[in-house]
Amino acid sequence: EPEVTQTPSHQVTQMGQEVILRCVPISNHLYFYWYRQILGQKVEFLVSFYNNEISEKSEIFDDQFSVERPDGSNFTLKIRSTKLEDSAMYFCASSARVSDSPLHFGNGTRLTVT
Amino acid sequence: DAKTTQPPSMDCAEGRAANLPCNHSTISGNEYVYWYRQIHSQGPQYIIHGLKNNETNEMASLIITEDRKSSTLILPHATLRDTAVYYCIVKSSGTASKLTFGTGTRLQVTL
């Protein structure tokens with residue numbers, strides 16, 4: 001069964017550094033998402049992306065965050081200048097074209113900011 | 001999207017059916033009921049979804065009441081590997097509409 005893959009599985013970075021989290025969505029999917037989950041808390045929506053532009057973003061997704069689909073397969077989340085509070089699991093998800101198709105999630109990247 | 005209410009935790013004996021309830025009394029006509037689960041710190045795993053009819057797949061069954069104000073996810077023969085947090089989420093049919101996760105039900109399957 002096709003799946004969403006995320007790399008790296010764990011990233012450690014210093015405060016103030018830029019990080020790029022990478023995702024390969026399921027190949028025929030057209031809608032892409034990033035979520036995050038701080039340890040012990042809910043899974044939170046960050047951003048959705050379709051047709052090379054952001055469809056919706058949450059309050060968390062401020063100017064420090066950006067997303068990009070640089071080629072036909074990858075979907076990336078960049079955090080420009082990381083803060084301690086950005087430490088979390090980041091999940092990528094994708095969904096197909098049909099209106100009620102479910103989101104399929106990757107297994108996440110654990111980001112640790114020191 | 002409509003809000004959902006789930007019990008915070010449930011226990012189930014291995015081999016028995018696990019019935020996880022969800023209330024979504026403010027659901028509107030174009031909103032689907034989705035169920036996901038999260039095992040430990042893995043990514044949320046899609047289980048099943050439905051609009052108004054009952055649905056069944058290889059993982060579970062979804063029973064939606066006629067008035068659509070509540071639903072039940074049924075795992076017919078729970079195993080230890082089904083121990084997870086289960087999320088009931090109501091989502092509109094817009095193609096890019098997001099899922100909003102609550103706190104879910106922590107299901108503990110025991111021997």
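Laboratory data are not the source of any read-out in this text; all were calculated from the coordinates shown. If you're wondering where the values come from, they're calculated on a predicted model, not measured in any experiment. Note that we place each Cβ from the backbone using ideal geometry, even for glycine, and neighbour counts take in every protein chain shown.
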Next on the checklist: If you average the C-alpha positions of region A:68-114 and of region A:1-18 separately, how far apart do those two centres end up, in angstrom?
Outcome noted: 8 Å
Item to check | Residue-by-residue Karplus 3J(HN,Hα) for region A:42-52, coefficients 6.51, -1.76, 1.60, Hz, glycine and proline x | outcome: 6, 6, 10, 6, 10, 7, 10, 9, 8, 6, 6
Checklist entry - Quick one: what does P(r) look like for region B:44-98 with 10 Å bins over all Cα pairs, in whole %? => result 20, 51, 25, 3
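Anything over 20 Å Cα to Cα? Flag those among B:LYS3/B:LYS69; A:LYS42/B:LYS69; A:LYS42/B:LYS98; A:LYS78/B:LYS91; A:LYS42/B:LYS91, in the order listed. Don't jump to the answer; show the numbers that get you there.
Details: B:LYS3/B:LYS69 11 Å; A:LYS42/B:LYS69 24 Å; A:LYS42/B:LYS98 14 Å; A:LYS78/B:LYS91 27 Å; A:LYS42/B:LYS91 17 Å.
Where the Cα-Cα span goes over 20 Å, the pairs concerned are A:LYS42/B:LYS69; A:LYS78/B:LYS91.
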Next on the checklist: I'd like the mean, over residues of A:29-41, of how many other protein chain beta carbons sit within 10 Å of each residue's own Cβ.
Outcome noted: 2
Checklist entry - Any idea what the dipole of chain A comes to, in debye rounded to 20, about its Cα centre with Lys/Arg Cβ at +1 and Asp/Glu Cβ at -1? => result 200 debye
Item to check | Average beta carbon contacts from partner chains per residue of B:35-45, 10 Å cutoff | outcome: 5
Checklist outcome for this item: For chain A, the charge dipole (Cβ of Lys, Arg +1; Cβ of Asp, Glu -1; about the Cα centre) points to a positive end, and the Cα of A:VAL24, A:THR13, A:SER99 closest to that extreme belongs to A:THR13
Next on the checklist: Sort A:89-96, A:78-85, B:70-77, B:2-9 by the packing proxy (mean of other Cβ within 10 Å over each peptide's residues), most packed first.
Outcome noted: A:89-96, B:70-77, B:2-9, A:78-85
Checklist outcome for this item: By the mean-Cβ-within-10 Å protection proxy, highest first, B:50-59, B:30-39 rank as B:30-39, B:50-59
